[in-house]
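Student: After the structure tokens below, expect a handful of questions from me.
The values are calculated or read from the model by the stated rules, or taken from the named source; none is laboratory data. This is a predicted model, so every value here is computed, not measured. Glycine gets a Cβ as well: all are built from the backbone with ideal geometry, and neighbour counts include every protein chain shown.
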Amino acid sequence: MIRRCCKCDKVEQGGKWRYLQLVPADIRVTHGYCPECFAETLAEIEDFIGAKAIGDFGTVGLPAHRRLGSSCV
Ligand SMILES: [Zn+2]
């Protein structure tokens, strides 16, 4: 089984992440994040949580009662 980054499509082989033109059809693939995309995504999540902490949901586009972390009604 190989691991493919769900964000940039790099594939981990021997502990290194690189782009593969073709993944053999007989190999099972699981998805995750490469180290670069993991750091990038973590920063995006931290930005989102930071925005939530100060009450800025302008870019989320959900009504107040549907926002992440709000109680369900
Ligand atoms: Zn990636």
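Student: Which pairs do you get when a residue that is without any contact (Cβ under 8 Å) to a residue 24 or more places away in the chain, found in the stretch 3-26, comes within reach of a residue that is away from the ligand (no atom under 11 Å from the Cβ), reach meaning Cβ atoms under 7 angstrom, with the pair 6+ apart or on two chains?
Tutor: That search, which allows pairs on different chains as well, returns V11/I2; V11/L20; V11/V23; E12/I2; Q13/I2; V23/I2; V23/V29.
Student: If you don't mind, there's one more thing I want to ask. Which of the residues belonging to the stretch 27-64 are modelled with pLDDT of 90 or more, assigned to a loop (DSSP other than H, G, I, E, B) and more than 11 Å from the chain's Cα centre (by Cα)?
Tutor: R28 - this is the single residue of the stretch 27-64 that is modelled with pLDDT of 90 or more, assigned to a loop (DSSP other than H, G, I, E, B) and more than 11 Å from the chain's Cα centre (by Cα).
Student: Which ones in the stretch 1-16 are more than 7 Å from the ligand (Cβ to nearest atom), hydrophobic (A, V, I, L, M, F, W, C) and surrounded by 16 or more Cβ atoms within 10 Å (Cβ to Cβ)?
Tutor: V11
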